[in-house]
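Down below is the structure, laid out as structure tokens.
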Amino acid sequence: SAEITYSFKTLRGIGNMFVLDHQSGEIKSNDPIDFEISSSYTISIEAKDGGGMTGECKIILDIVDENDNAPEVVFTSVSSSITEDAEPGTVIALFKTHDKDLGENGEVTCLIKEKVPFRIESSANNYYKLVTDGALDREQTPEYNVTIAATDRGKPPLSSSRSVTLRITDVNDNAPVFTQPFISLSVPENNSPGTQLTKISATDADTGRNAEIHYLLGIDAPSEFNLDHRTGILTAVKKLDREKQEKYSLP
């Protein structure tokens, strides 16, 4: 008899991925086909006629990759802080990219979205370094938010991005500045010892211990005066006599 029916000889390796029309022999996909799961399938088909005679056919399906996976950016190491005097070229982070697609669909390029004093250096096997690329100044910019964008060469291309916050730590690169570099005072004579005359004040653009200010009189300062090194309060520790000393200069 010429009546032929078709069936899968084995379902091993294909599961329910495909369905077979037993009368026409037409094969259709049943589930979504994902190149990243399997790039090819081998299907064995058996044909049987009405008299019980059988024949076998092997079909090999090669799956063509589509650009359906965006590249991923994964930071593998990030410095917790960067000193503001770090030399250009200092490595501050390591990251890698990964794209499940193949060929141009999986070829990735990286760039930094922001205008920041950092650059990307390519390493091997989709590994990259993020390095300093210019002078850092904590007093101007204490931290940076850096976004790494990864784009593949598919048509159309797919991209994704990851951000990292980089904190700049202080070095003692700013001298204290007096709020008043010159102070002129009129003090009545016969004052009481310990009388507060004025309060010296200075600021420092650094932070932490680098910004702690101690006030000191010069070694040639008259002994009639005392300056509190913490508060900057200037006091007269002795009675002042105009007839003996009319002017004082306190360095």
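The values are calculated or read from the model by the stated rules, or taken from the named source; none is laboratory data. Only a predicted model underlies this, so the values are computations on that prediction, with no experimental measurement involved. Neighbour counts are summed over all protein chains in view; Cβ atoms, including those assigned to glycine, are modelled from backbone coordinates with ideal geometry. Each accessible area value is taken on the protein alone, full model and side chains, heavy atoms only, with ligands, DNA and RNA left out. Shrake-Rupley method; radii C 1.70, N 1.55, O 1.52, S 1.80 Å.
Table: residues versus (1) open to solvent by 60 Å² or more (accessible area, probe 1.4 Å); (2) modelled with pLDDT of 95 or more.
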residue	(1), (2)
8	no, no
13	yes, no
55	no, no
58	yes, no
75	no, yes
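Mind listing whichever residues of segment 19-42 are touching a Lys or Arg at 6+ places or on another chain (Cβ under 7 Å), closer than 25 Å to residue 100 by Cβ and either assigned to a strand (DSSP E or B) or not charged (D, E, K, R) (or both)?
Taking segment 19-42 as the starting set, the residues that turn out to be touching a Lys or Arg at 6+ places or on another chain (Cβ under 7 Å) are 19, 36, 42.
Adding the requirement that they be closer than 25 Å to residue 100 by Cβ leaves 36, 42.
The answer is 42, and nothing else.
Only one residue in 58, 96 is free of Cβ contacts under 8 Å to residues at least 40 places away in the same chain and within 27 Å of residue 155 (Cβ to Cβ), so which one is that?
96
Test each condition in (1) within 46 Å of the chain's Cα centre (by Cα); (2) surrounded by 13 or more Cβ atoms within 10 Å (Cβ to Cβ); (3) more than 14 Å from residue 15 (Cα to Cα) for residue 48 and report the one that comes out false.
(1)
Is segment 69-79 home to any residue that is among the hydrophobic types (A, V, I, L, M, F, W, C) and outside any strand (DSSP E or B)?
yes
Every residue in segment 113-170 that is open to solvent by 20 Å² or more (accessible area, probe 1.4 Å), assigned to a strand (DSSP E or B) and free of Cβ contacts under 8 Å to residues at least 60 places away in the same chain, please.
119, 120, 121, 122, 127, 128, 129, 143, 144, 145, 163, 165
Would segment 183-191 turn up any residue that is open to solvent by less than 50 Å² (accessible area, probe 1.4 Å) and in contact with an Asp or Glu (Cβ under 7 Å, 6 or more places away or on another chain)?
No, that holds for no residue.
Quick check on residue 174: is it surrounded by 13 or more Cβ atoms within 10 Å (Cβ to Cβ) and polar (S, T, N, Q)? Before the answer, list the steps.
On the way: surrounded by 13 or more Cβ atoms within 10 Å (Cβ to Cβ): yes; polar (S, T, N, Q): yes.
Spelling it out, residue 174 is indeed surrounded by 13 or more Cβ atoms within 10 Å (Cβ to Cβ) and polar (S, T, N, Q).
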